[in-house]
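Reading through the structure tokens given below for one structure.
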Amino acid sequence: MSATTADRPAAGGRRRSSRARRRLLGTIGHRVLVALLLVYLLAPFVWMTVYSLYPATALQTLTPDLDPRQIRLDAYLGMLSDPSFLVPMANSAIVGISTTIVCMVLGSACAYVIARYRFRGRQTLLLGMLTVQAVPVIVLAVPLFILLRAFGQYDTLLGLVITYTAFILPLVVWMLVGFFEELPPSLERAAIIDGCNRLQIMTRIAVPLAAPGLAATAILAFITSWSDFFLAKVLTISNATTLPVRTAAFQGLFAMDYTAAATAGVITAVPVLVLALVAQKWIIRGLVEGAVKG
């Protein structure tokens, strides 16, 4: 009896030790996988950055010469002073900012109504809006081309803004519904007692309280419109060319200016990376919560 009693602490210690080893191995495996994923995702951008800073002759050898003394900023200075590059950059900024403003104004109003009013078909409406995101863009490219050309908006910034708004607005609404539903209704009831109407409640109470979610959604909308290539390639030809389309143009039929292409790629990617890092927490929360509430 005493031997059995004495064996129990030893057996419990072995089980705890085994669980601790499994947790340690799981933690190590998780960190190794994360490190490999980071290398896989960041290696192309790092190499693109290196190509934009070093002369092509130093890299296009069997053993690349990465001497820091060879780093040059000439490619960036030349790119940022070239009108043929600055105009597409300005086009991308105008289209991105305009699309974001339109989507946020319309999307916040629509999302607030959906979040605060319970009506038949509410969830169906939200899920129906998401079907726009499920439709492959390539399927709609030709109809959009014909439609914009018929209305005289082909190769115009307004045509791009309208097109991007149609694709991004459902996602904006879907994200903002989750943020508005987190707000306590008691604040709005108190505002109604004080004489506020629904528009005043939304603009003075709901929007300020949901400001982090609105900011994250706006950043996501801007990133989506800024980085789009396919629709901008199909729906523009010269006047409304955006930055991703201009960057792809550095690849010629028989040759490619690697330094210029890498520099343009870095300039295009940096705003997206910065904005994504700033708002990643709220973007993930909005995508996860979104329309699953209520």
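No lab work stands behind these numbers, since they all come straight from the coordinates. What you see is a predicted model; the values in this text were computed from it and never measured. As a convention, Cβ positions derive from the backbone with ideal geometry for all residues, glycine included, and neighbour counts pool all protein chains shown.
As a length-normalised measure over Cα pairs under 8 Å and 6 or more apart, the relative contact order of the stretch 75-292 settles at 35 percent.
Annotation for residue 90 and residue 186: the two label points, set 7 Å from Cα along the Cα-Cβ direction, are 5.3 nm apart.
Arranged from fewest to most other beta-carbon atoms within 10 Å of their beta carbon, 263, 203 become 203, 263. When the charge dipole of the chain is built from unit charges on Cβ atoms (+1 for Lys and Arg, -1 for Asp and Glu) and taken about the Cα centre, the candidate among 98, 44, 33 whose Cα reaches farthest toward its positive end is 33. Each helix, a run of at least 4 DSSP H residues, gives -39500 (n - 2.57); summed and divided by the residues of the chain, these come to -25500 deg cm²/dmol at 222 nm.
Placing +1 on the Cβ of every Lys and Arg and -1 on the Cβ of every Asp and Glu, with no other charges, gives the chain a dipole of roughly 1740 debye about its Cα centre. Springs between Cα atoms under 10 Å define the GNM used for the chain, and in it the highest mean-square fluctuation of 31, 21, 69 occurs at 21. Counting only whole DSSP H helices of the chain, the ones at least 20 Å long by C-alpha along their axis and with mean Kyte-Doolittle hydropathy no lower than 0.5 are 83-116, 157-181, 211-227, 258-289.
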